[in-house]
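The values are calculated or read from the model by the stated rules, or taken from the named source; none is laboratory data. Note that the structure is a prediction, hence the values are computed from the model and not measured. When we count neighbours, we look across all protein chains shown, and the Cβ atoms used for this are built from the backbone with ideal geometry, even at glycine. Calculation scope for accessible area: heavy atoms of the full protein, side chains included, ligands and nucleic acids excluded. Shrake-Rupley method; radii C 1.70, N 1.55, O 1.52, S 1.80 Å.
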Amino acid sequence: MLNRRRFTTRMVALAAGLAAMLAAPLPAALAQDTVTVFAAASLKNALDNINAAWKADSGKEATISYAGSSALAKQIEEGAPADVFISADLAWMDYLSEKNLTQKDTEVQLLGNRIVLVAPADSTTEIEIAPGFDLAGTLGDERLAMANTDSVPAGKYGKAALEKLGVWDAVAPRVAQAENVRAALALVAAGEAPLGIVYQTDAAADPAVRIVGTFPQDTHDPIIYPAALTAEAKATDAAAFLDYLKTDTARGLFEEQGFTVLTAN
């Protein structure tokens, strides 16, 4: 029978060995087998469909994490193991590119989008988007759902549009800021907010909301989704997945969700 000291010593050694095994890098064949994609939350429906099509065509499947572009870029900066980054604006791609955290020769302007004002599907609200329109009056004491206006692209585009139209100051105290555009959409879909600003593609993906109006394109910077391989991309199929996003198959699935495809056939 082991005495207590010998038992404890063996357990400590076993624990140390297990910790070392867990900390050790995986063999290349395992560590590089799956493409990890960090993508803006507004891309979920389209990219899920494209990932399924890629699997059907190639037998390969990517692991996709969705969040606000700002949060994803920061995670990559902190060393998160992403192979492909797809942002909802140029600014966060530039942020990583300037820090040499992307493979610059792979950067591509992939998609375009629009921002819209949405209400719950059963709402009777009618409002025309125009300079000085009474958005604050329409809201009353309730909230306007938006993605974070300081960091998330959809929120930044929305704030810029409201500023250009001269209504931001009146509305700012009533904004309910969400961590990403899909979270803002969910607030409207659930009836927690009577109005929200989201991408046109988000509105099209959720039958629980309806579009009240579309913001003029000259009220904000062009909405462009760039994509690139990260500097630390390890998956052997990362470039193949990025190339697949430019195929006719992917084009059809992006357009089905309402995106404008910016890459040539």
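Phi angles across the range 242-252 convert, under the Karplus curve 6.51 cos²θ - 1.76 cosθ + 1.60 with θ = phi - 60°, into 3J(HN,Hα) values of 4, 5, 5, 5, 9, 7, 4, 4, 5, 4, x Hz, Gly and Pro given as x. For ARG174, the accessible area of its heavy atoms, probed at 1.4 Å with every protein chain present, is near 70 square angstrom. Annotation: amide H-H contacts under 5 Å for LEU110 (H modelled 1.01 Å from N, sequence separation of 5 or more, or interchain): TYR225, ALA227. Across every direction, the projection of the convex hull enclosing the Cα atoms of the range 81-162 has a mean area of 7.9 nm². Taking a point 7 angstrom from the Cα of THR63 along the C-beta vector, which residues in the range 233-255 have backbone N less than 19 Å away? In the range 233-255, the label zone of THR63 (backbone N under 19 Å from the point 7 Å along Cα→Cβ) covers 233-242.
Sort the chain into rounded, prolate or oblate with this rule: let a ≥ b ≥ c be the square roots of the eigenvalues of the Cα gyration tensor; rounded if a/c is under 1.5, and if a/c is not under 1.5, prolate when a/b is larger than b/c, oblate otherwise. Cα axes put the chain in the prolate bin. Counted over the chain, the DSSP beta bridges are approximately 60% antiparallel.
Proximity of backbone amide H atoms, modeled 1.01 Å from N, is registered between VAL175 and LEU144 at under 5 Å, excluding neighbours fewer than 5 places apart on the same chain. Solvent exposure of the range 128-265 amounts to 43 Å² per residue of accessible area, where only protein heavy atoms count and the probe is 1.4 Å.
Of the solvent-accessible surface of the range 65-176, computed with a 1.4 Å probe over protein heavy atoms with every protein chain present, carbon and sulfur atoms account for 45 percent.
Between ASP105 and GLU128, the contour length at 0.36 nm per residue exceeds the alpha carbon distance by 4.0 nm. Among the listed pairs LYS159/LYS234; LYS55/LYS234; LYS55/LYS159; LYS104/LYS164; LYS60/LYS156, those with a Cα-Cα distance over 29 Å are LYS159/LYS234; LYS55/LYS159; LYS104/LYS164; LYS60/LYS156.
Between THR249 and ALA121, the C-beta separation translates, for a Förster distance of 51 Å, into a calculated FRET efficiency of about 0.95. What does the C-alpha gyration tensor say about the overall shape of the range 135-188? Classify as rounded when a/c is under 1.5, otherwise prolate if a/b is larger than b/c, or oblate. Since a/c reaches 1.5 but b/c is at least a/b, the shape of the range 135-188 is classed as oblate.
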